[in-house]
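Visitor: Before we start, here is the structure in question, set down as structure tokens.
The values are calculated or read from the model by the stated rules, or taken from the named source; none is laboratory data. Bear in mind that the values here come from a model prediction, so they are computed numbers and not experimental data. Using ideal geometry, Cβ is built from the backbone for each residue, glycine included, and neighbour counts are taken over all protein chains shown.
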Amino acid sequence: MRKRDFLLILVLFQAFSLEAKNIEGTIITRSDTLQAIFRIPVKIFTGEPNFEKIQFKLKYIDSTGNRKVLRPENVNEIRFSYNYEEIRMLSRFNAVGLGNIFTTGSHVLLKLEVDGPVKLFRYYYTQRTSGTYNSTTGSWNGGVAYEAERFILQMEDEPITRPRSFGFKKDMKEFFRNCPSLVEKIESNEYQRDLYLIVKYYNTACR
């Protein structure tokens, strides 16, 4: 399969693997709290919201019935409930270069996982494996695309930070340097790479 054929199939698959559902939600700005109907893109095969799409743009219907487009730089937060889960996505300055050439913007909406002095967010993106060329057949294997996730941290009102996969312990010891007891736990691998436990410990024991 040639590379351009694979890319065409990938685009068509992504287009047909999504639908949108009308979900009641809340838009919070610096000056107001508004009720709206969000057009939440949903994956047909899993029924789960496509958070990767929502992070940079979300269509909605306002209280007067007008269709609009919400962008992260224009809000502080959005909230909605899906399958009994209360979802909060907070707008943050995109200080670590999240997204790609098609989703450029100064801000990004990040799904809040843990709230407190240190916030833990989840960021969604598409990961693609590298393709290979078969010189015998002259064909190109374009690789595979799949959804991936990674955690984003924010200390108080500081810019968001993205922990590295390699150098994780070093990054976390520096990030939580004002809490010696947590640094010891990170050094001893007590929490391994469990950022839920690390952040919750900081928010309860290190304030």
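Visitor: Looking at region 185-201, is at least one residue outside the structural domain of Leu120 (by TED's automatic domain parsing), exposed (fewer than 14 other Cβ atoms within 10 Å of the Cβ) and in contact (Cβ under 8 Å) with a residue 60 or more places away in the chain?
Guide: Checking region 185-201: at least one residue is outside the structural domain of Leu120 (by TED's automatic domain parsing), exposed (fewer than 14 other Cβ atoms within 10 Å of the Cβ) and in contact (Cβ under 8 Å) with a residue 60 or more places away in the chain.
Visitor: In region 87-134, which residue that is in a loop (DSSP other than H, G, I, E, B) and crowded, with 20+ Cβ neighbours inside 10 Å is modelled with the lowest pLDDT?
Guide: This residue is Leu98.
Visitor: Within region 41-55, identify whether any single residue is more than 14 Å from the chain's Cα centre (by Cα), within 16 Å of Phe121 (Cα to Cα), surrounded by 11 or more Cβ atoms within 10 Å (Cβ to Cβ) and at pLDDT 95 or above, and answer yes or no.
Guide: No, because not a single residue in region 41-55 is more than 14 Å from the chain's Cα centre (by Cα), within 16 Å of Phe121 (Cα to Cα), surrounded by 11 or more Cβ atoms within 10 Å (Cβ to Cβ) and at pLDDT 95 or above.
Visitor: Report yes if Asp62 is modelled with pLDDT under 95, surrounded by fewer than 16 Cβ atoms within 10 Å (Cβ to Cβ) and either in contact with a Lys or Arg (Cβ under 9 Å, 6 or more places away or on another chain) or of a type in the set (A, V, I, L, M, F, W, C) (or both), otherwise no.
Guide: Yes.
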